[in-house]
């Protein structure tokens with residue numbers, strides 16, 4: 001069952017989303033906050049921009065952070081056919097009986113930018129690490145402190161047998177941009 005805005009507001013009051021925007025903020029920004037059946041999370045002002053200047057390989061088993069350039073600012077430029085990593089402003093604590101699916105905002109999708117986030121598993125907590133791909137042949141802008149993706153909360157008929165916390169998941173309680181771990 002998809003959870004509605006009333007459930008999201010109540011869960012947020014119990015610490016599920018911090019900081020929490022009780023209404024959808026839209027004027028002059030890419031929207032964020034509570035939506036009909038989800039929550040539009042914001043992106044922080046810290047980015048890791050992919051670069052090939054160091055001639056490194058992308059290897060999820062032995063990740064080399066030299067493939068990124070750190071950047072902090074209100075607007076991040078993603079090079080053509082490249083990507084950045086970023087993090088959510090919000091810190092999430094997912095209940096045991098809930099799975100969260102994340103989808104990119106349509107404003108960015110219509111500009112050729114793809115937002116990729118894996119599901120937020122039951123009892124996972126932390127800042128969400130977000131990957132934004134620029135699929136166009138032109139540089140693309142993303143805006144810090146504005147909406148980047150919508151989270152859709154799905155409640156299970158039964159709680160899971162083994163939660164992310166039970167597994168001692170490697171990304172549990174992550175803060176800021178978290179690079180791949182083995």
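The values are calculated or read from the model by the stated rules, or taken from the named source; none is laboratory data. Keep in mind that this is a model prediction, so the values were computed, not measured. Using ideal geometry, Cβ is built from the backbone for each residue, glycine included, and neighbour counts are taken over all protein chains shown.
Quick notes on this structure:
- Hey, residue 158 surrounded by 14 or more Cβ atoms within 10 Å (Cβ to Cβ) and either over 21 Å from residue 79 (Cβ atoms) or more than 18 Å from the chain's Cα centre (by Cα) (or both) or not: no
- Cross-chain or 6+ apart pairs with Cβ under 6 Å, the range 1-18 first and closer than 18 Å to residue 157 by Cα, then surrounded by fewer than 11 Cβ atoms within 10 Å (Cβ to Cβ) and modelled with pLDDT under 85: none
- Summed over the range 54-66, the residues that are in contact (Cβ under 8 Å) with a residue 12 or more places away in the chain and farther than 15 Å from residue 129 by Cβ give a count of 4.
- Filter result for the condition that a residue is within 29 Å of residue 164 (Cβ to Cβ) and in contact with a helix residue (DSSP H, G or I) (Cβ under 7 Å, 6 or more places away or on another chain), over 108, 39: 39
- Residue that is modelled with the lowest pLDDT [pool: residues in the range 76-97 that are over 17 Å from the mean Cα position of the chain (by Cα) and part of a strand (DSSP E or B)]: 82
- Residue check for residue 53: surrounded by fewer than 16 Cβ atoms within 10 Å (Cβ to Cβ) and either out of contact with any strand residue (DSSP E or B) (no Cβ under 9 Å at 6 or more places or on another chain) or in a loop (DSSP other than H, G, I, E, B) (or both): yes
- Selection of the range 166-180 for residues being in a loop (DSSP other than H, G, I, E, B) and either within 13 Å of residue 97 (Cβ to Cβ) or in contact with a strand residue (DSSP E or B) (Cβ under 6 Å, 6 or more places away or on another chain) (or both) yields 173, 175, 176, 177, 178.
- Qualifying residue in the range 132-139 (condition: touching a strand residue (DSSP E or B) at 6+ places or on another chain (Cβ under 7 Å) and part of a loop (DSSP other than H, G, I, E, B)): yes
- Among the residues making up the range 1-43, those that are closer than 19 Å to residue 105 by Cα, surrounded by fewer than 16 Cβ atoms within 10 Å (Cβ to Cβ) and at pLDDT 90 or above are 24, 26, 27, 28, 29.
- Taken residue by residue, the range 111-120 has at least one member that is outside any strand (DSSP E or B), surrounded by fewer than 20 Cβ atoms within 10 Å (Cβ to Cβ) and under 16 Å from the mean Cα position of the chain (by Cα).
- Condition check for residue 91: in contact with a strand residue (DSSP E or B) (Cβ under 7 Å, 6 or more places away or on another chain) and buried (at least 21 other Cβ atoms within 10 Å of the Cβ): no
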